[in-house]
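The values are calculated or read from the model by the stated rules, or taken from the named source; none is laboratory data. As the structure is a computational prediction, the values presented were derived from the model and not from experiment. Cβ: placed from backbone, ideal geometry, glycine included. Neighbour counts: every protein chain shown. Surface accessibility is based on the protein's heavy atoms, side chains included, excluding ligands, DNA and RNA. Shrake-Rupley method; radii C 1.70, N 1.55, O 1.52, S 1.80 Å.
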Amino acid sequence: MEVTSPANDDISPSVNFREAFLFWLKLGFISFGGPAGQISIMHQELVENRRWISERRFLHALNYCMLLPGPEAQQLATYIGWLMHRTFGGIVAGVLFVFPSLLILIILSWLYIAFGHLPVVEGLFYGIKPAVTAIVLQAAHRIGSRALKNNVLWAIAAVSFVAIFALNLPFPLIVAMAALIGYLGGKIAPSKFAVGGGHGASKKSFGKALIDDDTPTPRHALFSWTGLLKIVLIGALLWAIPMCGLTAIYGWEHTYAQMGWFFTKAALMTFGGAYAVLPYVYQGAVGHFSWLTPTQMIDGLALGETTPGPLIMVVAFVGFVGGYAKAVLGPDHLFLAGAMAASLVTWFTFLPSFLFILAGGPLVEATHQDIKFTAPLTAITAAVVGVILNLATFFGFHVLWPKGWDQGFDWISALIALAAVVALFRFKRNVIHVIVVCAVLGLIARTVIF
């Protein structure tokens, strides 16, 4: 079904699926800059240049996606693809947003594992690690400045930091506690948990759009219990079949089965973006399962920052390194083991995002301004700020004291981290530019000083 609009001399009467397909494919290769950059690209292309969707409808979809767990930019692409070309269009848009990044990360992960011990590579990552620490700190500041609008939300952020840093409470428990506080707070003091800031309507007009402000909602986007049940059942099968297959072939304790289950849970914890779920991934992948080391986790985040696609794609690196290091398919099939693991964790991580859009879009759109639904999410976002700050603390410790407290302070890493902080906060430099410059500085330091 194609979305139509009143005739206009400047635009075509419908969104051609082939044209849409080529755009989503292109977007998958150029979507650098994290969610802000990716959303900006989509806005410029879809709202300003192509006028496939109006400003108001675009922001309406974005506000909905920001209420959900999962990468909002990928979900926004899925939403618009679904709105234009039904379920198949949404799937195509969402898959093409992720697939190029998966292929690139599989290749980069293999190069990292195979050649990461070389002096040149070690030097580059020596400079990248401090930059990543600064980037995570910037993420805490960016989310905090948007989310912490009053003392109550500041208190939730502080308590969540203490809970994970000092008490080592699991991330899901912190999320559950924040949601409960938000639910009760929405009843007791709703003004403290109202959704504020965010993405409001713009007064700019870019001309008539194919999906304009007054374009009726297409039939397939209207809520029906039958449609909801159908999507839920199909989604359950798409999760259960591979999970049961992995368990039947390899056993429940096998690395593949555990990755499938672990990253399913991780997918439901991504309130506030990828940085919010990274502490949970660290707790499980590094602390519990030992799929990779703390240093490898930092390096993986650096690779995720410098490749297109959502930052949560760092889970593909985690999966590849875990499958490769554990030699889950035997010593003769290390690359295949890593590639399969990366693909599996990507499947289980992103499947819920598609279901939230295809099943929940029509339902939640009608209720996303209701305080009963938004207050728990507001509290969760506040808690996420404290959790991300803990992640920055963790990265900072491993970068500045790489051999432990008693083995001395790495002042060169500290200087590189300080330079990255100044570049990001003071001069608002692009993340990729900061990583590249810090990588060069690290290589020079390794070559000249060490």
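Please determine whether any residue of region 123-140 is over 23 Å from the mean Cα position of the chain (by Cα), assigned to a helix (DSSP H, G or I), among the hydrophobic types (A, V, I, L, M, F, W, C) and crowded, with 16+ Cβ neighbours inside 10 Å. First the steps, then the outcome.
Within region 123-140, the subset over 23 Å from the mean Cα position of the chain (by Cα) is 123-124, 126-127.
Next, from what is left, pick out any that are assigned to a helix (DSSP H, G or I): 123-124, 126-127.
Of the ones still in play, those that are also among the hydrophobic types (A, V, I, L, M, F, W, C) are 124.
From the residues that got through so far, the ones that are crowded, with 16+ Cβ neighbours inside 10 Å too are 124.
Yes; the residues of region 123-140 include at least one that is over 23 Å from the mean Cα position of the chain (by Cα), assigned to a helix (DSSP H, G or I), among the hydrophobic types (A, V, I, L, M, F, W, C) and crowded, with 16+ Cβ neighbours inside 10 Å.
All but one of (1) more than 20 Å from Pro362 (Cα to Cα); (2) among the hydroxyl-bearing types (Ser, Thr, Tyr); (3) within 20 Å of the chain's Cα centre (by Cα) hold for Thr78; which doesn't?
Single failed check for Thr78: (1).
Has region 145-165 got any residue that is at pLDDT below 80 and either on the phi < 0 side of the Ramachandran plot or surrounded by fewer than 23 Cβ atoms within 10 Å (Cβ to Cβ) (or both)? Show your work before the answer.
Filtering region 145-165 down to residues at pLDDT below 80 leaves 146-147.
Next cut, either on the phi < 0 side of the Ramachandran plot or surrounded by fewer than 23 Cβ atoms within 10 Å (Cβ to Cβ) (or both) only: 146-147.
Yes, because at least one residue in region 145-165 is at pLDDT below 80 and either on the phi < 0 side of the Ramachandran plot or surrounded by fewer than 23 Cβ atoms within 10 Å (Cβ to Cβ) (or both).
Of the residues that sit in region 270-283 and are open to solvent by less than 10 Å² (accessible area, probe 1.4 Å) and either assigned to a helix (DSSP H, G or I) or under 23 Å from Ala439 (Cα atoms) (or both), which one is modelled with the highest pLDDT?
Val281
Going through region 61-84 one residue at a time, which ones are touching a helix residue (DSSP H, G or I) at 6+ places or on another chain (Cβ under 9 Å), open to solvent by 20 Å² or more (accessible area, probe 1.4 Å) and part of a helix (DSSP H, G or I)?
Those that are touching a helix residue (DSSP H, G or I) at 6+ places or on another chain (Cβ under 9 Å), open to solvent by 20 Å² or more (accessible area, probe 1.4 Å) and part of a helix (DSSP H, G or I): Met66, Glu72.
Are there any pairs, at least 6 apart or on different chains, whose C-beta atoms fall under 7 Å, with the first in region 45-70 and touching a residue at least 40 places away in the same chain (Cβ under 8 Å) and more than 19 Å from Phe354 (Cβ to Cβ) and the second open to solvent by 20 Å² or more (accessible area, probe 1.4 Å) and among the aliphatic types (A, V, I, L, M), and if so, which?
Arg51/Ile11; Arg56/Ala201; Leu59/Ala201
Sort through Gly123, Gly116 and tell me the only one that's out of contact with any Gly (no Cβ under 7 Å at 6 or more places or on another chain) and either under 30 Å from Ala439 (Cα atoms) or among the acidic types (Asp, Glu) (or both).
Details: Gly123 fails: out of contact with any Gly (no Cβ under 7 Å at 6 or more places or on another chain).
One residue alone meets the criteria, Gly116.
Return only the number of the condition from (1) touching a helix residue (DSSP H, G or I) at 6+ places or on another chain (Cβ under 7 Å); (2) in contact (Cβ under 8 Å) with a residue 12 or more places away in the chain that Phe409 does not satisfy.
Going through (1) touching a helix residue (DSSP H, G or I) at 6+ places or on another chain (Cβ under 7 Å); (2) in contact (Cβ under 8 Å) with a residue 12 or more places away in the chain one by one, Phe409 breaks only (2).
Name the residue, out of Glu72, Glu48, Glu19, that is farther than 24 Å from Thr295 by Cβ, charged (D, E, K, R) and under 20 Å from the mean Cα position of the chain (by Cα). Steps first, please.
Working: Glu48 fails: under 20 Å from the mean Cα position of the chain (by Cα); Glu19 fails: under 20 Å from the mean Cα position of the chain (by Cα).
After applying the criteria, what remains is Glu72.
Taking into account only those residues within region 44-60 that are under 21 Å from Thr217 (Cβ atoms) and in a helix (DSSP H, G or I), which is modelled with the lowest pLDDT?
His60
From the list Thr393, Thr378, pick out the single residue that is of a type in the set (S, T, N, Q) and over 29 Å from Phe289 (Cβ atoms).
Working: Thr393 fails: over 29 Å from Phe289 (Cβ atoms).
Residue meeting the stated conditions: Thr378.
Which one is most open to solvent (accessible area, probe 1.4 Å) among residues in region 426-435 that are free of Cβ contacts under 8 Å to residues at least 24 places away in the same chain and part of a helix (DSSP H, G or I)?
Kept after step one, since they are free of Cβ contacts under 8 Å to residues at least 24 places away in the same chain, are these residues of region 426-435: 426-429, 433.
Cutting the leftovers down to part of a helix (DSSP H, G or I) gives us 426, 433.
Details: Arg426: 160, His433: 104 Å².
So, considering only residues that are free of Cβ contacts under 8 Å to residues at least 24 places away in the same chain and part of a helix (DSSP H, G or I), the one most open to solvent (accessible area, probe 1.4 Å) is Arg426.
For a quick check of your reading of the model, give me the residue pairs whose first member lies in region 281-294 and is within 17 Å of Met269 (Cα to Cα), whose second is open to solvent by less than 10 Å² (accessible area, probe 1.4 Å) and among the β-branched types (Val, Ile, Thr), with beta-carbon atoms closer than 8 Å and at least 6 apart or on different chains.
Note: pairs meeting the criteria are Val281/Val314; Val281/Val315; Val281/Val318; Ala285/Val318.
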